[in-house]
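The values are calculated or read from the model by the stated rules, or taken from the named source; none is laboratory data. None of the values given here were measured: they were computed from a predicted structure. Note that each Cβ is placed from the backbone with ideal geometry, even for glycine, and that neighbours are counted across all protein chains shown.
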């Protein structure tokens with residue numbers, strides 16, 4: 001198949017069109033023919049089943065109608081004969097020959113001695129539904145008017161009636177039939193009843209045999225009737241018992257029909273006098289009352305004979321199309337390809353840079369329009385070529401200027417590919433900043449060069465670019481070739497270079513500035529710790545002493561008979577309140593409890609303190625699975641949350657503050673959101689509070705983002721990697 005495709009692809013368009021149209025036309029004709037063929041097959045199959053099913057149903061109705069007529073006539077004859085007998089005895093009573101009681105006694109013997117089928121009998125009702133005469137003595141004089149068929153007898157008194165009845169000890173009711181006549185002098189409804197299934201011998205098969213045998217399906221299909229033991233009731237060819245009859249595949253088809261009672265079956269069969277087995281379809285139904293199976297069958301080849309004509313029509317159509325249509329297609333294809341060969345030569349000249357070639361317009365059809373459009377295209381292409389050459393010269397100058405500015409910039413600049421994280425280029429200021437040579441850095445993956453202090457920082461930068469579209473004033477720790485940490489502030493934008501998404505970064509060296517800043521912050525941290533310890537160890541103890549002295553003073557005053565001690569108690573309340581406030585301030589300045597308990601519990605206490613101190617709503621939300629952090633990281637995160645929440649109250653006039661922690665397997669996010677006045681649209685990140693927060697974020701290798709919320713207020717987000725949390729742990733834990 002591969003060689004055939006290659007062979008066709010290398011041929012001229014004229015032959016391609018010839019081959020393509022040939023295959024398409026032939027395939028379309030075959031597809032339509034096959035579709036029609038299979039639709040006819042389905043329609044014939046459906047018609048076959050419908051015809052056989054309808055024939056079987058007709059035979060079934062014919063048998064049931066004949067049986068019902070036989071049963072009705074038989075019961076009617078018995079009922080009318082017994083009416084004559086009752087009338088004769090009544091005449092004897094009227095003439096005085098015998099008494100009424102003797103006549104009824106003799107009638108009982110006559111009526112009850114008759115056998116109707118196997119279990120049928122004769123009984124008499126009165127107009128009230130009472131059994132005045134019945135072969136079962138226990139039933140006599142019992143009122144049966146509650147039964148529906150008895151009510152029907154009471155209403156009609158004469159005629160044929162079918163109903164369901166269940167004798168004592170039987171599991172389910174069975175169909176019964178009765179014929180009744182009415183003897184008015186004694187008010188007797190004389191009823192002759194029996195189960196319908198017991199009148200099978202009354203059915204005269206000859207009444208419907210000819211009708212069944214006259215049915216034909218195809219040329220030689222027919223209908224037949226058998227019972228559940230395989231005995232033939234009606235069959236055009238066979239008689240006797242067919243229980244062990246097999247088809248060509250060894251299927252006991254009569255046994256199958258007797259076991260399943262209803263359904264359809266395809267089998268191979270050969271009638272007497274035939275030489276070959278042929279496939280047949282039989283559809284059969286069961287008459288339970290008479291234990292008969294009524295079937296209609298026909299040969300499949302006779303039903304599907306019209307399909308041969310359809311196949312011949314499809315083949316003939318394909319031959320006609322090949323003979324008439326394909327040569328015309330070949331000729332038309334030649335008329336199309338000649339102008340195309342001319343176009344091919346002109347395009348070859350254009351590919352060599354000669355845009356002066358033009359097509360000759362010979363006609364106004366599609367090929368002629370193509371020539372017009374080609375000439376217009378070449379005119380524009382020649383003009384565009386001149387403009388592009390001028391733009392190339394101008395862009396070459398622009399790139400030269402950018403390259404000089406890139407290399408001469410005192411700030412470090414580098415360009416990195418966001419897909420493969422490859423360092424595309426870097427100026428000398430950046431290479432000096434990281435202490436590396438151009439040849440061993442540019443063109444390498446940032447993961448292999450290891451210029452960042454924290455490996456995950458570049459991925460975080462990519463996420464910020466994807467979310468905000470740019471990075472402004474982000475503090476990033478680098479590491480030079482000697483392993484020394486260098487701190488820079490990054491501004492970044494996304495750019496497209498050679499259809500690749502890249503990051504253009506400008507880096508300002510803040511190593512010395514940050515070192516001095518860290519020293520100042522460390523000094524303030526130590527002062528804060530000393531102040532917190534002083535408040536806890538000295539002032540709190542002093543206040544506790546005052547509380548004890550107040551308690552002793554109150555006891556002395558009470559002993560001396562002073563009754564107005566409300567002021568003294570008020571002093572104690574104020575002292576206790578001062579102790580409580582001093583304790584909260586001490587914990588805020590020196591949160592040693594952060595290292596002793598989980599961060600979530602510490603932040604909950606922070607929310608309670610804010611609500612008590614400032615009277616604003618402060619809620620904390622966290623997931624059921626808690627974040628496991630080192631004491632140092634937890635302490636820095638606590639202070640970042642505390643600083644953000646206090647700023648929201650003091651500077652943003654917030655009424656509601658929400659703290660939340662969420663995390664995945666590798667990343668955790670701390671957010672502080674308020675509904676205050678929010679940050680201004682342009683903010684200089686040079687305030688001491690923000691600088692300290694950014695400093696703490698860098699200490700734990702996290703990214704801090706402070707921005708206006710979507711609706712109102714401020715959103716502070718701290719993002720850090722859980723996997724790198726141990727690597728990001730700072731050595732100088734004294735700051736906590």
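Annotation: residue 604 fulfils all but one of (1) out of contact with any helix residue (DSSP H, G or I) (no Cβ under 8 Å at 6 or more places or on another chain); (2) in contact (Cβ under 8 Å) with a residue 12 or more places away in the chain; (3) outside any helix (DSSP H, G or I); the unmet one is (3). Is it true that residue 58 is in contact with a strand residue (DSSP E or B) (Cβ under 7 Å, 6 or more places away or on another chain) and either farther than 13 Å from residue 181 by Cα or exposed (fewer than 12 other Cβ atoms within 10 Å of the Cβ) (or both)? The answer is no for residue 58. If you go through region 157-209 and keep only what is assigned to a helix (DSSP H, G or I) and within 18 Å of residue 75 (Cα to Cα), you end up with 196, 197, 198, 199, 200, 201, 202.
Pairs are defined by a Cβ separation below 6 Å, a sequence spacing of at least 6 or placement on different chains, a first member in region 572-583 that is under 14 Å from residue 609 (Cβ atoms), and a second member that is modelled with pLDDT under 75 and surrounded by 13 or more Cβ atoms within 10 Å (Cβ to Cβ); the pairs so defined are 582/535; 582/539; 582/540.
For (1) in the same structural domain as residue 268 (by TED's automatic domain parsing); (2) over 30 Å from residue 113 (Cβ atoms); (3) modelled with pLDDT under 90, each residue gets a yes or a no:
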residue: 181; (1), (2), (3): no, no, no
residue: 185; (1), (2), (3): no, no, no
residue: 196; (1), (2), (3): no, no, yes
residue: 212; (1), (2), (3): yes, yes, yes
residue: 218; (1), (2), (3): yes, yes, yes
residue: 235; (1), (2), (3): yes, yes, yes
residue: 246; (1), (2), (3): yes, yes, yes
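Scanning region 435-473 for residues that are part of a strand (DSSP E or B) and modelled with pLDDT under 85 yields a single hit, 473. Would you check which residues across region 622-639 are assigned to a helix (DSSP H, G or I) and either modelled with pLDDT of 90 or more or over 14 Å from residue 690 (Cα atoms) (or both) and list them? Those that are assigned to a helix (DSSP H, G or I) and either modelled with pLDDT of 90 or more or over 14 Å from residue 690 (Cα atoms) (or both): 631, 632, 633, 634, 635, 638. Number of residues in region 161-178 that are under 53 Å from the mean Cα position of the chain (by Cα) and touching a residue at least 12 places away in the same chain (Cβ under 8 Å): the value is 3.
Of the residues examined, residue 407 is one that is at pLDDT below 85 and loosely packed, with under 15 Cβ neighbours inside 10 Å.
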